[in-house]
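Down below is the structure, laid out as structure tokens.
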């Protein structure tokens with residue numbers, strides 16, 4: 001029912017995506033892993049949600065610019081993280097993509 005809070009299980013499962021988008025996201029993740037990225041969390045459908053269109057929130061680390069996910073918007077709960085050395089390097093990487101929807105910049109010391 002609209003307006004009701006989601007169950008804890010549904011919240012932990014990730015976003016509900018149309019099946020074609022979930023398959024697209026899975027292909028992007030597979031490609032990123034093949035390019036050398038590391039899967040930190042998620043990566044597919046959560047247990048118990050195989051009959052619906054849920055896709056687990058996913059985090060990929062060390063994603064190279066050659067990975068397809070760095071050039072397209074997956075429209076799924078997938079966060080690709082790419083390393084950079086300087087602020088100018090981060091700007092160059094962000095500007096090298098045709099979309100800016102997923103762009104975020106963080107600094108870790």
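Please treat every number below as a calculation from the coordinates, not as lab data. In this text, all values refer to a predicted model and were calculated from it rather than measured experimentally. Glycine also receives a Cβ, built like all others from the backbone with ideal geometry; neighbour counts cover every protein chain displayed.
Working from label points 7 Å from Cα in the Cα-to-Cβ sense, the residue 89 to residue 59 distance is 2.1 nm.
Taking 0.36 nm per residue of sequence separation and subtracting the Cα-Cα distance, how much length would be gained by fully extending the chain between residue 39 and residue 81, in nm to one decimal? So the chain would gain 14.1 nm between residue 39 and residue 81.
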